[in-house]
Amino acid sequence: MNVASSERAQESTLTVESFLTSDVRQETHLQGRDPSLAPLVERLRGWEGERVFFVAPTRGDATRLRELLAHYDLELPVVDQPAPVLLGRPELKRAVMRGHLSRGFRLPETHLVLVTFDEIFGTRKSQPTALAKTHPSHFLTSLSELKQDDYVVHLDHGIGIYRGLKFLQVAGVAGEFLHLEYEAGDRLYLPVDRINVVQKYIGGVDAKPALDRLGGSAWERVKAKSRKAIFAMAEELVQLYALREARAGIAAAPPDALYQEFEAAFEFEETVDQQRAIDEALADMQKSKPMDRLVCGDVGYGKTEVAMRAAFLAVEGGRQVALLAPTTILAQQHLQTFRRRFRNHPVRVEMVSRFLTAKEIQQVLDGLAKGVVDIVIGTHRLLQKDVQFKDLGLVVIDEEHRFGVAHKERLKKLRQLVDVVSLTATPIPRTLHMSLVGIRDLSIIETPPLDRLAIQTYVTRYDERVIRDAILREIGRGGQVFFLHNRVETIDRLALKLADLVPEAKMAVAHGQMRTKDLEKVMLDFLDNKTQVLVCSAIIESGLDFPNANTIIINRADRFGLAQLYQLRGRVGRSHRHAYAYLLIPGEQAITPDAERRLRALQELDGLGGGFKLALHDLEIRGAGNLLGEQQSGQIAAIGFELYTEMMEHAVRELKGEAVAPEVEPEIRLGIPAYFPNDYIPDANQRLLFYKRLASLAKPEELEEIKAELKDRFGPYGQTVENLFLVMELRRVLKIFLVQQISASDGRVYLLFHAESPVKVEKLLELIKTQKNRFRLSPDGRLSFTPVSQEWETMVGEVVELLHSVYEIPAPELPSATPGADLA
């Protein structure tokens, strides 16, 4: 909405800042952003002679404001008409209108008052439009992108090495094949349409498994052994979560007007991801079973706000909230954040940490037991037996992977009793694994905050000139620097060396072995910009927020794990400035190959929103770990992470009593030349990616999307590509009907069905009886028939029509039976 203002209007404009008297504005803001609309409503009732319009930037804001005013018996419509039309309707006296206005104003001559949403609730920062998101289950497919010489797992033949794509002529038909190498140099050429039977091998740290022998029985024995071990572990896992599912929890009431006021006071516009995470958490809380949700989002992407919304709903329902942080300093920052956000509500937020005296801690514990403390924040100290709650309803766990085994066992028991929200920027493989197999609910926040820029990452040898230049460049623009050195015994000596190297900078030292009060003073001084360079240990790793620090230098970066490096790098770049990370190593020859892979992975992840992808890299490098202990790591090394996950998912579903439908990867032997020519898509990795996408088709619309994308990127395609589409769409149909193999020879087409195929035997027998010359059933269960035409497209249409006639499958799952209708 654009409101034109003439010179006379400018002269007579009285800003809402002054129109709402200072005492009303103070009450409205309640010394902050949380609203109390009562004083404003009283003033509004006194403006009988004025036309008053509230201007909200989004439909959600307009609706929110209308609902809040409705609680004061003021029913205002939300209107979407352009401003000139709206203001030209004299009969409309009060309304909430959508639009953008920098500040409100009053025109006394026309008796018109406009009040902006931000003037009531405080200025908010809007977010950029979110990009399209990928469902969590799709992330695993990215692991299947193969590079030449990667280890792979063939579901039937076991572990081999992928040697690249090869064009071959087989029985006079051209095609492209995956070249797989097994023990003793045995080779297997796999048609590209069966790419789904191959997975990239992800196992232990070394990732150099023994190759299987083609035709041997060892692989089947390994699979059987792994399946048995996985089933036993899944049984334990399902029992744990069955307790949670079966236990009657307390369902929270739906959000009301008070919650809406708390929501409206958020100073940013929620991103799509963040709003989805909030909605999912609140929906979980309104169910009778305890919530167990993992919120995964990069550092500073708004996970804490998700936790605070859940905390508000819990406290409003009369229940208490505990937030566990891995370090005392992080707990201190959470305390400040929660107190600032809840300051206009009757919510008591306290902390239990080593920053408090024994007497102060006891006072907080007494308050928890009596129920006068609503939210308590602390480290693992909150898990000790002397901490008693009157009515604990929600536990928020920040960076759970930093807690020890004993603490995790205590948390495991808590999960059976209360709602749990876990926040993490880098889910460790165990957590990620759990999320992807559907045992824990997962919310991913991928959209970066407004003005957030990617961190420039450099891997370099230890060089004093580089260090001096990096520090001077940062303090020259008014910023601060972290210099991370993770050996406490030598950190003071290094700090003196740095002070000589950069005498212009004010330096301080921080590490976990310092006295509590000393450490607190150093960190607070750095937060207040009293020092410019903080020489520190990894104590800064988790969640701490220093927006003015935009350069980090990590000494001996090769000694850190990938998740730890990612967290440390995330300490900088939390403002609109460009941030820099320098990873110092002694030299490329002096670090292990595994460390080199970690550092390279971190450099590749210098874009925004890389936390989830990072955990997948971590899987490749460290191996997957497992859900309830380390005893399963051998199974992952034996069969690879992806197959392990599939087996786990099936075992869990079976133990839950869910129907596990059999899956087939049809073998198609119709003699159709179907592939991407080398001159159409020259890059082998791109061809592989499109083969993978085509082999995973779930709906006909997906094929049309791929066709359009190929035309857009590579231009018109020829007959072999058309044939590929025909074959891949046929594959999709055969999977629905559980056809394991289709072949053609001597003028006949042969179909081999899975043992659990829902075939209607009476229909099949009737078909054979009425058309003896055309249809036959062999002793091995193969159905064969003579097609009307030997032309491929027509033949494929006949196959689909035949399958329609002998199966009873719900219509929505099936494509059209018209020859070629969905298959071209």
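The values are calculated or read from the model by the stated rules, or taken from the named source; none is laboratory data. All values reported here derive from a predicted model rather than from experimental measurement. Because the Cβ atoms are built from the backbone with ideal geometry, glycine has one as well, and the counts that use them run over all protein chains shown. Side chains included, ligands, DNA and RNA excluded: accessible areas come from the protein's heavy atoms. Shrake-Rupley method; radii C 1.70, N 1.55, O 1.52, S 1.80 Å.
For the reader, a short list of remarks on this structure follows.
- Close contacts from the stretch 484-500, counting a first residue that is within 23 Å of Q567 (Cα to Cα) and a second that is in a helix (DSSP H, G or I), with Cβ to Cβ under 8 Å and a gap of 6+ residues or different chains, come to L484/A538; L484/I540; L484/L568; H485/I491; H485/L494; N486/A538; N486/R559.
- Of the residues screened, K711 is not one that is open to solvent by 20 Å² or more (accessible area, probe 1.4 Å), out of contact with any helix residue (DSSP H, G or I) (no Cβ under 8 Å at 6 or more places or on another chain) and within 14 Å of E665 (Cα to Cα).
- Conditions (1) farther than 30 Å from G657 by Cα; (2) at pLDDT below 85; (3) open to solvent by less than 30 Å² (accessible area, probe 1.4 Å): number failed by R244: (1)
- Selection within the stretch 375-401 - surrounded by 23 or more Cβ atoms within 10 Å (Cβ to Cβ) and out of contact with any Leu (no Cβ under 8 Å at 6 or more places or on another chain): G393, L394
Per-residue answers, yes or no, for (1) touching a Gly at 6+ places or on another chain (Cβ under 6 Å); (2) among the hydrophobic types (A, V, I, L, M, F, W, C):
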| position | (1), (2) |
| --- | --- |
| A252 | yes, yes |
| F268 | no, yes |
| V272 | no, yes |
| R276 | no, no |
| C296 | no, yes |
| G317 | no, no |
| L324 | no, yes |
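- If the condition is being surrounded by fewer than 17 Cβ atoms within 10 Å (Cβ to Cβ), among the polar types (S, T, N, Q) and within 21 Å of G671 (Cβ to Cβ), then the stretch 764-797 contributes S778, T786, S789, Q790, T794.
- Meets criteria (open to solvent by less than 70 Å² (accessible area, probe 1.4 Å), closer than 22 Å to F560 by Cβ and under 36 Å from the mean Cα position of the chain (by Cα)) for I467: yes
- The stretch 693-728, residues that are touching a residue at least 60 places away in the same chain (Cβ under 8 Å), more than 13 Å from I681 (Cβ to Cβ) and over 26 Å from the mean Cα position of the chain (by Cα): P700, E722, N723, F725, L726, V727, M728
- Selection status of S12, open to solvent by less than 50 Å² (accessible area, probe 1.4 Å) and modelled with pLDDT under 70: yes
- Residues located in the stretch 260-278, provided they are of a type outside the set (F, W, Y) and touching a Ser or Thr at 6+ places or on another chain (Cβ under 9 Å): E261, E267, E269, T271, V272, D273, Q274, R276, A277, I278
- Within the stretch 730-754, considering residues that are of a type in the set (D, E, K, R) and surrounded by fewer than 21 Cβ atoms within 10 Å (Cβ to Cβ), the one nearest to V788 (Cα to Cα): R748
- Of residues in the stretch 491-544 being out of contact with any Phe, Trp or Tyr (no Cβ under 9 Å at 6 or more places or on another chain), open to solvent by 60 Å² or more (accessible area, probe 1.4 Å) and under 17 Å from T327 (Cα atoms), the one modelled with the lowest pLDDT: L524
- Residue count, the stretch 685-699 (criterion: surrounded by fewer than 16 Cβ atoms within 10 Å (Cβ to Cβ) and in a helix (DSSP H, G or I)): 2
- Some residue of the stretch 251-272 being in contact with an Asp or Glu (Cβ under 6 Å, 6 or more places away or on another chain), among the acidic types (D, E) and part of a helix (DSSP H, G or I): no
- Residues (farther than 25 Å from S757 by Cα and open to solvent by 70 Å² or more (accessible area, probe 1.4 Å)) located in the stretch 658-682: N678, D679, P682
- All conditions but one from (1) in a strand (DSSP E or B); (2) among the aliphatic types (A, V, I, L, M); (3) under 30 Å from L519 (Cα atoms) apply to L294; the one that does not is (3).
- Residue ID - farthest from S443 (Cα to Cα), chosen from residues in the stretch 299-347 that are in contact with a helix residue (DSSP H, G or I) (Cβ under 7 Å, 6 or more places away or on another chain) and basic (K, R): R341
- Residues of the stretch 567-582 classified as more than 21 Å from the chain's Cα centre (by Cα), modelled with pLDDT under 80 and open to solvent by less than 50 Å² (accessible area, probe 1.4 Å), total: 1
- Checked against (1) touching a strand residue (DSSP E or B) at 6+ places or on another chain (Cβ under 8 Å); (2) exposed (fewer than 15 other Cβ atoms within 10 Å of the Cβ), A590 passes all but condition (1).
Here is a yes/no grid of residues against (1) within 24 Å of R515 (Cα to Cα); (2) open to solvent by 40 Å² or more (accessible area, probe 1.4 Å); (3) in contact with a Gly (Cβ under 9 Å, 6 or more places away or on another chain):
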residue	(1), (2), (3)
A281	no, no, no
M285	no, no, yes
K303	no, no, yes
K359	yes, yes, no
Q362	yes, yes, no
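- Meeting the requirement of 1 or more residues that are buried (at least 19 other Cβ atoms within 10 Å of the Cβ) and at pLDDT 75 or above, the helices (runs of 4 or more DSSP H) wholly within the stretch 47-146 are 59-70, 117-121.
- Flag: Y691 matches the condition of being at pLDDT 85 or above and of a type in the set (F, W, Y).
- For the stretch 323-341, the condition of being surrounded by fewer than 24 Cβ atoms within 10 Å (Cβ to Cβ), touching a strand residue (DSSP E or B) at 6+ places or on another chain (Cβ under 6 Å) and within 30 Å of A246 (Cα to Cα) holds for none of the residues.
- Filter pass, V272 being of a type outside the set (S, T, N, Q), at pLDDT below 90, under 16 Å from the mean Cα position of the chain (by Cα) and surrounded by fewer than 17 Cβ atoms within 10 Å (Cβ to Cβ): yes
- Among residues of the stretch 94-110 that are among the basic types (K, R), those with a Cβ under 6 angstrom from a residue that is open to solvent by 10 Å² or more (accessible area, probe 1.4 Å) and modelled with pLDDT under 80, sequence gap 6+ or separate chain, pair up as R98/D80; R106/L14; R106/F19.
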